[in-house]
Each structure stands twice: as structure tokens, then as C-alpha cells.
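Visitor: Mind looking over this structure? Questions follow.
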Amino acid sequence: MTTRRPRERGVTVEDVARAAGVSRQTISNALNAPHRLKAETLERVSAVIEQLGYRPDQSARSLKSGTRRIIAYPTPVDDPANPNPLMGGFLEAVVAASGEAGYRILLVRPRPGQSQEQALDELIAARTVDGFLLSDVLRDDPRVAHLTGAGFPFAAFGRTAPGQPQSWADVDSAQAMIDLVGLIAAKGHRRVAFLASTGGQPWMDDRRDGFLAGARRHHLTTQVYSVPGDDPAGIVAATRDLLSGRARPTAVVVSGDWLTLGVYTAARAEGLEIGKDLAVAAFDDLPITGFLQPALTTVRLPLRRIAEALVNRLLRIIEDGVTPEAGLLLPGELVVRPSLGP
């Protein structure tokens, strides 16, 4: 297909609609809300846009729609020397999903001495962004309460409270853990331990509750251990204490992949072979899990599906004024590897 140069007067949306044999609204949807079009229609319209060299006037679009086509993402605080690969992957998925919908992502963080609420208000007052995408949402999260009170669009990776907008999406961590425990029980294990770091995040509580629910369903004997999440020596010591008992568990489920490094070290110190003497499984599917020896069975978070769902939910609020009536739970993906044994 040959690409034409735009005519001197400039290619208009009417030109594109006529060439594609569709309405002007369809062209608008292709540019502003591609998720509303059938795949074949979007492909045909996109080809015509490229062929004619049509480039919409962004300033005119903003004036007409009242939107800036920018979503603010308050980024979690992280350690540059030890970044969280999970949230890095989520950010990549968010940028991709918003870009496909014609929006850009603005990364924001409060200035020194500024509260999170003040940082949000600054962007709202300046009319810089159309909405917010929140992650690491905690119980009684002040950002959720503040944006709810301000009536400003947002979507949340993590569940909001009853009475607040239900524009959230989350992983069904409890069900994923129930499924994982069921797999362990099917392999014949009856004494199973759960290791979790202290912290009290709601997603970690969901994982623990799912573990206990699965253990009850399969009549397993359980132990629940809390370990210091930021102290490798403490993790190894707590795990060795767990594994050195007379009635030691034959399987250990860990709340997060990064804790398994301590579990592997402790097991070997106790003379136990993972996958043979001790089954180990975890949650998150960090990149390192496939390189452990043996490779780790874990639950993968569907980050792309979460990002797409959040962007779509937020755009429904921004563009259509429709707030979802219920949150969206997405299943985790069980990745079975040799750490559970044959």
C-alpha cells in the first residue's frame, strides 16, 4: 500500500471517513477509544489513516473533549539499587495499554514535605491530567478517600471499600492460593507450612487466607510462620527452625517469591533436597524463579490483563461518565515447575 503525502490543505477526518467508508464517529473511536471497535474495523481504519497521513490536531481535540489525554500514575517508592521487578512490569503494561487508547502516562510523586493528597490536588487544580491510576492500594487508602471526596476519576489496582467507587481490578489471590494448595494436596502432602513476611498488606492477607481455606478443604495439618521480610539471615533462621522440628512440614508455601531464596538456603542447610524431601511453592513469578535450582512453582500475576482492565475502566469514567458498579477479580496463573517434585 503506497503512502500518500497529505494535501496542502491537510487531510481532514472527513477525508479519512470517506476513504474508509465509515462514519466520522468511527474515526474518532479509532483514535480515542479503539477498544470500542471490532478488530477488523480498527485495522481497516488504521490502515487508511496511515495511508492518507492523517494527524489529528491534539490541541483541538483537547479543547473539544475537555480532556488532556493524560493519566497520572503516582509511583510507589522503590529502591533504585534493588527495584521491584513486579511493579516495573506493571508500569510497562500500563504504558502500553494507555498508549493503545491514545493516552499518555504521567509519573508523579509528592515533593519533599508534600502529602500525597496535596500532590493529587496540585494536578487536579492545574487541569494537567484526566484521571489517576493507583497501585499498592491499602485498606483505608487516603488517596482513594481523597479522590472519592473530590469526585475525580480514578482506577485502582487493589480493592476499594464499600461506599467508594468500585473502579478497581485485582488478582484473586485467595482463589489462586486455594488452587495451589489443592495441587500440593494432590501430590500426597499432609503437613504444609505457610511463610509470610510481616507487613499486613491486604494482598498478603488474601494469600494467607486462601492458604488456610485450601488447607481446611483438604484436611491438611498447617503451620503459619511470620518471618522478617528485610533480613535475609532472619528468614533463613526462621525457616531452619521450622524445618528442624520432629514433625516438619513436607511442603512449604511462601507468600512471595523473594522469600524462597531463604527457604532454599535453609533447606539445604538442613540436608533437605527441594523437590524430593521438601516441596516449595510461592507467589508472583518474579524473573528469578525460573533460574532457581530446582525452578520454583509459583502463581503468575496477569499484569497485562490488569493494566488493560484498569485503563478501560478509567476511560469509561473519563469519556462516558460511567463508574463501574463492581470491582473486577482476575485469576492468577499457576506455573508448575520442579520445586513441587514429580
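Visitor: Just to be sure I understand, how many residues within the stretch 318-335 are modelled with pLDDT of 95 or more and in contact with a strand residue (DSSP E or B) (Cβ under 7 Å, 6 or more places away or on another chain)?
Guide: Total satisfying the criteria: 8.
Visitor: Here is a follow-up. Could you check the stretch 319-342 and list, in sequence order, the residues that are crowded, with 20+ Cβ neighbours inside 10 Å and assigned to a helix (DSSP H, G or I)?
Guide: If the condition is that a residue be crowded, with 20+ Cβ neighbours inside 10 Å and assigned to a helix (DSSP H, G or I), then Ser339, Leu340 are the ones that fit.
Visitor: Another question, then. So which residues in the stretch 152-184 are touching a strand residue (DSSP E or B) at 6+ places or on another chain (Cβ under 8 Å) and aliphatic (A, V, I, L, M)?
Guide: Passing the criteria: Ala155, Ala156, Ala169, Val171, Ala176, Met177, Leu180, Val181, Leu183, Ile184.
Visitor: Check Leu123 against each of (1) open to solvent by 40 Å² or more (accessible area, probe 1.4 Å); (2) touching a residue at least 24 places away in the same chain (Cβ under 8 Å) and name the one condition it does not meet.
Guide: Of the numbered conditions (1) open to solvent by 40 Å² or more (accessible area, probe 1.4 Å); (2) touching a residue at least 24 places away in the same chain (Cβ under 8 Å), the odd one out for Leu123 is (1).
Visitor: Search the stretch 303-318 for residues being among the aliphatic types (A, V, I, L, M) and closer than 24 Å to Phe283 by Cβ, and hand back the single one that is surrounded by the most Cβ atoms within 10 Å (Cβ to Cβ).
Guide: We begin by selecting, within the stretch 303-318, every residue among the aliphatic types (A, V, I, L, M); these are 303, 306-307, 309-311, 314-315, 317-318.
Then keep just the ones that are closer than 24 Å to Phe283 by Cβ; that gives 303, 306-307, 309-310.
Working: Leu303: 21, Ile306: 21, Ala307: 24, Ala309: 21, Leu310: 28.
Filtering the stretch 303-318 for residues that are among the aliphatic types (A, V, I, L, M) and closer than 24 Å to Phe283 by Cβ, the one surrounded by the most Cβ atoms within 10 Å (Cβ to Cβ) comes out as Leu310.
Visitor: Looking at (1) among the basic types (Lys, Arg); (2) more than 27 Å from Leu138 (Cβ to Cβ); (3) open to solvent by less than 60 Å² (accessible area, probe 1.4 Å), which is the only condition Arg207 fails?
Guide: Condition not satisfied by Arg207: (2).
Visitor: Out of all the residues in the stretch 242-259, which are among the small types (Gly, Ala, Ser) and either loosely packed, with under 15 Cβ neighbours inside 10 Å or farther than 30 Å from Met87 by Cα (or both)?
Guide: Taking the stretch 242-259 first, the residues among the small types (Gly, Ala, Ser) are 244-245, 247, 251, 255-256.
Those that are among the small types (Gly, Ala, Ser) and either loosely packed, with under 15 Cβ neighbours inside 10 Å or farther than 30 Å from Met87 by Cα (or both): Ser244, Gly245, Ala247.
Visitor: Identify all residues within the stretch 284-294 that are out of contact with any Lys or Arg (no Cβ under 8 Å at 6 or more places or on another chain) and surrounded by fewer than 16 Cβ atoms within 10 Å (Cβ to Cβ); write none if there are none.
Guide: Residues satisfying the conditions are Pro287, Ile288, Phe291, Gln293.
Visitor: Looking at the structure I just gave you, is Ala93 part of a strand (DSSP E or B) and open to solvent by less than 60 Å² (accessible area, probe 1.4 Å)? Before you say what the answer is, go through the steps one by one.
Guide: On the way: part of a strand (DSSP E or B): no; open to solvent by less than 60 Å² (accessible area, probe 1.4 Å): yes.
When the stated conditions are applied, Ala93 does not pass them.
Visitor: Still on this structure: Pick out, from the stretch 188-262, the strands (runs of 3 or more DSSP E) lying fully within it that include 2 or more residues that are touching a Lys or Arg at 6+ places or on another chain (Cβ under 8 Å). Before the answer, list the steps.
Guide: Values: elements: 191-197, 221-227, 251-254.
Result: 191-197, 221-227.
Visitor: Right, next: Quick check: anything in the stretch 260-279 over 21 Å from the mean Cα position of the chain (by Cα), of a type in the set (Phe, Trp, Tyr) and buried (at least 19 other Cβ atoms within 10 Å of the Cβ)?
Guide: Yes, the stretch 260-279 has at least one match.
Visitor: Moving on to the next point. Determine which member of the set Thr148, Thr41 is assigned to a helix (DSSP H, G or I), over 21 Å from Leu310 (Cβ atoms) and at pLDDT 85 or above.
Guide: Among Thr148, Thr41, only Thr41 is assigned to a helix (DSSP H, G or I), over 21 Å from Leu310 (Cβ atoms) and at pLDDT 85 or above.
Visitor: Based on what the data block shows, is Thr239 open to solvent by 60 Å² or more (accessible area, probe 1.4 Å) and β-branched (Val, Ile, Thr)?
Guide: On the way: open to solvent by 60 Å² or more (accessible area, probe 1.4 Å): no; β-branched (Val, Ile, Thr): yes.
Criteria not met by Thr239.
Visitor: Determine, yes or no, whether Ala81 is among the aliphatic types (A, V, I, L, M) and either modelled with pLDDT of 85 or more or within 21 Å of Glu308 (Cα to Cα) (or both). Full working, then the answer.
Guide: Numbers: among the aliphatic types (A, V, I, L, M): yes; either modelled with pLDDT of 85 or more or within 21 Å of Glu308 (Cα to Cα) (or both): no.
Against the criterion (among the aliphatic types (A, V, I, L, M) and either modelled with pLDDT of 85 or more or within 21 Å of Glu308 (Cα to Cα) (or both)), Ala81 does not qualify.
Visitor: Now, a different point. Looking only at the stretch 283-318, how many residues end up being in a helix (DSSP H, G or I) and without any contact (Cβ under 8 Å) to a residue 12 or more places away in the chain? Show your work before the answer.
Guide: We begin by selecting, within the stretch 283-318, every residue in a helix (DSSP H, G or I); these are 287-290, 303-318.
Then drop every residue that is not without any contact (Cβ under 8 Å) to a residue 12 or more places away in the chain, which leaves 316.
Selection size over the stretch 283-318: 1.
Visitor: Could you say which residue among Ser62, Ser46, Ser98 is at pLDDT below 80, part of a helix (DSSP H, G or I) and not hydrophobic (A, V, I, L, M, F, W, C)?
Guide: Details: Ser46 fails: at pLDDT below 80; Ser98 fails: at pLDDT below 80.
Answer to the check: Ser62.
Visitor: If a residue must be free of Cβ contacts under 8 Å to residues at least 60 places away in the same chain and surrounded by 12 or more Cβ atoms within 10 Å (Cβ to Cβ), how many such residues does the stretch 96-114 contain? Spell out how you get there, then give the answer.
Guide: Here is the first cut: in the stretch 96-114, the residues free of Cβ contacts under 8 Å to residues at least 60 places away in the same chain are 99, 104-114.
When the remaining residues are screened for being surrounded by 12 or more Cβ atoms within 10 Å (Cβ to Cβ), the result is 99, 104-106, 108-110, 114.
Qualifying residue count for the region: 8.
Visitor: Given (1) modelled with pLDDT of 70 or more; (2) open to solvent by less than 30 Å² (accessible area, probe 1.4 Å); (3) out of contact with any Leu (no Cβ under 9 Å at 6 or more places or on another chain); (4) hydroxyl-bearing (Ser, Thr, Tyr), where does Tyr73 come up short, assuming only one miss?
Guide: (3)
Visitor: Looking at Ala233, Ala238, Ala279, which is the one that is more than 20 Å from Gly89 (Cβ to Cβ), at pLDDT 95 or above and of a type outside the set (Lys, Arg)? Give the steps one after another, and end with the answer.
Guide: Details: Ala233 fails: at pLDDT 95 or above; Ala238 fails: at pLDDT 95 or above.
On inspection, the qualifying residue turns out to be Ala279.
Visitor: Taking the stated definitions as given, is Thr297 closer than 19 Å to Ala186 by Cα and open to solvent by less than 30 Å² (accessible area, probe 1.4 Å)? If you could, list the steps in order and put the result at the bottom.
Guide: Numbers: closer than 19 Å to Ala186 by Cα: yes; open to solvent by less than 30 Å² (accessible area, probe 1.4 Å): yes.
Yes; evaluated as a whole, the condition is true for this residue.
The values are calculated or read from the model by the stated rules, or taken from the named source; none is laboratory data. Please read these numbers as outputs of a predicted model, since none were measured by experiment. Neighbour counts run over all protein chains shown; Cβ positions are idealised from the backbone, glycine included. Each accessible area value is taken on the protein alone, full model and side chains, heavy atoms only, with ligands, DNA and RNA left out. Shrake-Rupley method; radii C 1.70, N 1.55, O 1.52, S 1.80 Å.
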